[in-house]
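Notes follow the structure.
The values are calculated or read from the model by the stated rules, or taken from the named source; none is laboratory data. Keep in mind that what you see is a predicted model, and the values were worked out from it rather than measured. Positions of Cβ are backbone-derived with ideal geometry, glycine not excepted, and every protein chain shown enters the neighbour counts. These accessible areas exclude ligands, DNA and RNA; they are computed on the full protein's heavy atoms, side chains included. Shrake-Rupley method; radii C 1.70, N 1.55, O 1.52, S 1.80 Å.
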Amino acid sequence: MLRSLRACLLDMDGVLYHGDRPLPGALDFMRALGATPHAFVTNNPRATPAQIADRLQRMGFARPRPDRIITSAVATARWLARQKPGFRYFAVGDSGLHAALSARGRADEKHADFVVVGEGPGLDFRSLATGINLILSGKATLVSTNPDQNVDARCGGRPCVEPGGGALVAPFAVGAGVTPVTIGKPGRLLFDMALERLGVEAEYCLMVGDRPDTDIAGAAAAGMKTALVRSGRFGPGENYPATLPVPDIDVDSLSQLAKMLDWPG
């Protein structure tokens, strides 16, 4: 199984780093990956790919090409453009989401085709009312960048959680009485975009992630091999959810995973 691998996709937060610190073995793992085709897939829509590349470089990783970083914001913008080229949108979320959408569409809170909700600041009474009324008027479809209920964060220097895309889109869904279209993992779009950019078929690619419900379940459904690294939200010793696909590889750290793999090139 492992000998057939030609490429690798990686989640980042909880796999490569926590906060602004690389996880043990992460730098060595990426050096060992070397020239093997690889890309990064993240449900986090808050930063642009270029900003994420800069952040990885500051932590000591080789700076990846921004087009090898597929965020849920980038995937959402691509999906919207496929549904309606030159789309108009009303978006609630951070700068990375607005940058991705503006590259393919046009902001228009009066005649939006889509109400797009991502993570980060921006949700208030006015934006909620605007989005709900656009949806109820029949003009706009509600879209969520990712389904995460909450995401890891730092509050006053201590670990905490912040609301994820699934939590932030909920008021719009309840207020308008609709079910949002959800783009991020475990959906296939991020995986398919990354595989397309790497030029490799799913069966020859390994997805490395720390969350069974998004990384492992989504990659398995897309036909990829999967490696669960228990260095993020899902820790060593935790019982694996019986309702989800079992990963092909289950390790506590990237250091363990590196010993199991012999990358081509």
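No other residue among Arg230, Arg158 is among the basic types (Lys, Arg) and free of Cβ contacts under 8 Å to residues at least 12 places away in the same chain apart from Arg158. Can you confirm whether Pro171 is over 19 Å from the mean Cα position of the chain (by Cα), farther than 29 Å from Arg65 by Cβ and assigned to a helix (DSSP H, G or I)? Yes. Restricted to the stretch 2-40, and to residues there that are more than 19 Å from the chain's Cα centre (by Cα) and at positive phi, the residue that is modelled with the lowest pLDDT is Gly34. Could you pull out the residue among Ser95, Ser72, Ser127 that is polar (S, T, N, Q), surrounded by 15 or more Cβ atoms within 10 Å (Cβ to Cβ) and in contact with a Pro (Cβ under 8 Å, 6 or more places away or on another chain)? Answer to the check: Ser72.
Among the residues of the stretch 1-27, just one is in contact with an Asp or Glu (Cβ under 7 Å, 6 or more places away or on another chain) and part of a strand (DSSP E or B), namely Asp13.
Annotation: Thr179 fulfils all but one of (1) in a strand (DSSP E or B); (2) modelled with pLDDT of 95 or more; the unmet one is (1). Of Arg63, Arg104, all but one fail to be open to solvent by 20 Å² or more (accessible area, probe 1.4 Å), in contact with a Phe, Trp or Tyr (Cβ under 9 Å, 6 or more places away or on another chain) and in a loop (DSSP other than H, G, I, E, B); the exception is Arg104. Among residues of the stretch 136-147 that are under 20 Å from Arg188 (Cα atoms) and free of Cβ contacts under 8 Å to residues at least 60 places away in the same chain, those with a Cβ under 9 angstrom from a residue that is in a loop (DSSP other than H, G, I, E, B) and open to solvent by 70 Å² or more (accessible area, probe 1.4 Å), sequence gap 6+ or separate chain, pair up as Leu142/Thr179.
Quick one: is Val246 open to solvent by 70 Å² or more (accessible area, probe 1.4 Å), hydrophobic (A, V, I, L, M, F, W, C), part of a loop (DSSP other than H, G, I, E, B) and at pLDDT 95 or above? Yes: the conditions hold for Val246. Gly166 fulfils the conditions (1) over 22 Å from Ala35 (Cβ atoms); (2) buried (at least 18 other Cβ atoms within 10 Å of the Cβ); (3) touching a Leu at 6+ places or on another chain (Cβ under 9 Å) except for a single criterion, (3).
Contact annotation: residue pairs with Cβ atoms under 7 Å, 6 or more positions apart or on different chains, pairing a residue in the stretch 196-214 that is closer than 18 Å to Thr243 by Cα with a partner that is of a type in the set (A, V, I, L, M, F, W, C) and open to solvent by 10 Å² or more (accessible area, probe 1.4 Å), are Asp210/Phe234; Arg211/Phe234; Pro212/Phe234; Pro212/Leu244; Asp213/Leu244.
With respect to the conditions (1) open to solvent by less than 50 Å² (accessible area, probe 1.4 Å); (2) among the basic types (Lys, Arg); (3) under 24 Å from Arg82 (Cβ atoms), Arg188 lacks only one, and its number is (1). Within the stretch 28-60, the residues that satisfy the criterion of being open to solvent by less than 50 Å² (accessible area, probe 1.4 Å) and in a helix (DSSP H, G or I) are Phe29, Met30, Leu33, Pro49, Ala50, Ile52, Ala53, Leu56.
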